[in-house]
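The values are calculated or read from the model by the stated rules, or taken from the named source; none is laboratory data. Note that the coordinates shown come from a computational prediction; the quantities given were computed from them, not determined experimentally. All Cβ positions, glycine included, derive from the backbone under ideal geometry; neighbour counts span all protein chains shown. Calculation scope for accessible area: heavy atoms of the full protein, side chains included, ligands and nucleic acids excluded. Shrake-Rupley method; radii C 1.70, N 1.55, O 1.52, S 1.80 Å.
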Amino acid sequence: MSKQVSRHGILFVISAPSGAGKTTLVEALRQTSSLFYSVSCTTRAPRSGEIDGEDYQFLSDKDFRARVEAGDFLEHAQVHGDYYGTLRMPVLTNLNSGVDVLIDIDTQGATAIRNCDDPFIRKALSDIFIMPPDLEELRRRLLQRGTETAQQIELRLATAAREMELWRGYRYTIISGSVEEDLQKFRHIMEAESYLSRRLIQK
Ligand code: 5GP
């Protein structure tokens, strides 16, 4: 085989129930210079310390709807009563130029991408589920985070219990341990995915 090979970017989709330690993991992954992190749009109000354009693009319901109408989203879903969406353009542009992309979306979003019409996206996809150790540990982590009310925590735990059933749909599942362990496992997956023969393009 000629050494003249290249590849398109890989679309790493990461999903995890709230409090599974994903935010810390994603923050660590965002330090990876070769990886483009796609900032989602949301109608959720910013949490304290969150920066518009960095954590999310915070939109009004009206602006979010307008972007849905314009076809700007690769996928969008309602999660915990708010809307979230992945912008199509930055994802496609990066994948096309061979840059790997990371998106952090819920299980509905992952299903939508798995079933999307575009074979280019389906081929680029590598989806990873972060499985929290158990619901009690999840409750403890959410309480410790302290960013939700008791009612919101119950809603997130109910969603988590439902989401935890969906791990089989993902190519990879990481049982969440420490951030370092999760990060190392994630990096192993990234590396192995980059060697998949079917991703290579011979010039
Ligand atoms: P949070 O409000 O805690 O930041 O996120 C709540 C949930 O929304 C998480 O499961 C997160 O992965 C998901 N989420 C964030 N951005 C998107 C997106 O663009 N699309 C979808 N479908 N889910 C998203």
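What's the total number of residues in segment 65-98 that are over 18 Å from the mean Cα position of the chain (by Cα) and within 11 Å of the ligand (Cβ to nearest atom)? Step through it out loud before you land on a result.
Keep residues of segment 65-98 that are over 18 Å from the mean Cα position of the chain (by Cα), which gives 65-71, 81, 96-98.
Checking the rest, the ones that are also within 11 Å of the ligand (Cβ to nearest atom) come to 81.
Total meeting the criteria: 1.
Show the residue pairs that are 6+ apart or on different chains and have beta-carbon atoms under 6 Å apart, the first residue being within segment 116-128 and of a type in the set (S, T, N, Q), the second being in a strand (DSSP E or B).
Going by the 6 Å Cβ cut-off, the qualifying pairs are Ser126/Phe12.
In segment 102-124, which residue that is of a type in the set (A, V, I, L, M, F, W, C) and more than 20 Å from Val79 (Cβ to Cβ) is farthest from the ligand (Cβ to nearest atom)? Walk me through it before giving the result.
Of segment 102-124, the ones of a type in the set (A, V, I, L, M, F, W, C) are 102-103, 105, 110, 112-113, 116, 120-121, 124.
After this cut, where a residue has to be more than 20 Å from Val79 (Cβ to Cβ) as well, the list is 120-121, 124.
Working: Phe120: 19, Ile121: 14, Ala124: 17 Å.
Going through the qualifying residues, I end up with Phe120.
Under 25 Å from Gly98 (Cβ atoms) and in contact (Cβ under 8 Å) with a residue 40 or more places away in the chain - does that describe any residue in segment 60-81?
Yes, the conditions are met somewhere in segment 60-81.
Tell me whether segment 124-142 contains one or more residues that are open to solvent by 70 Å² or more (accessible area, probe 1.4 Å) and over 14 Å from Pro17 (Cα atoms).
No, that holds for no residue.
Between a first residue in segment 44-56 that is free of Cβ contacts under 8 Å to residues at least 60 places away in the same chain and a second residue that is more than 8 Å from the ligand (Cβ to nearest atom), which pairs have beta carbons less than 6 Å apart while being 6 or more apart in sequence or on different chains?
Pro46/Phe58; Asp52/Phe58
So the check is Cβ under 6 Å with 6+ separation or different chains; which pairs have a first residue in segment 158-175 that's farther than 10 Å from Ala16 by Cβ and a second one that's within 13 Å of the ligand (Cβ to nearest atom) and among the hydroxyl-bearing types (Ser, Thr, Tyr)?
From residues that are farther than 10 Å from Ala16 by Cβ, the pairs are Leu166/Thr107.
Could you identify the single residue in Gly53, Gly49, Gly19 that is over 13 Å from the mean Cα position of the chain (by Cα), modelled with pLDDT under 90 and within 16 Å of the ligand (Cβ to nearest atom)?
Result: Gly19 is the single residue among Gly53, Gly49, Gly19 that is over 13 Å from the mean Cα position of the chain (by Cα), modelled with pLDDT under 90 and within 16 Å of the ligand (Cβ to nearest atom).
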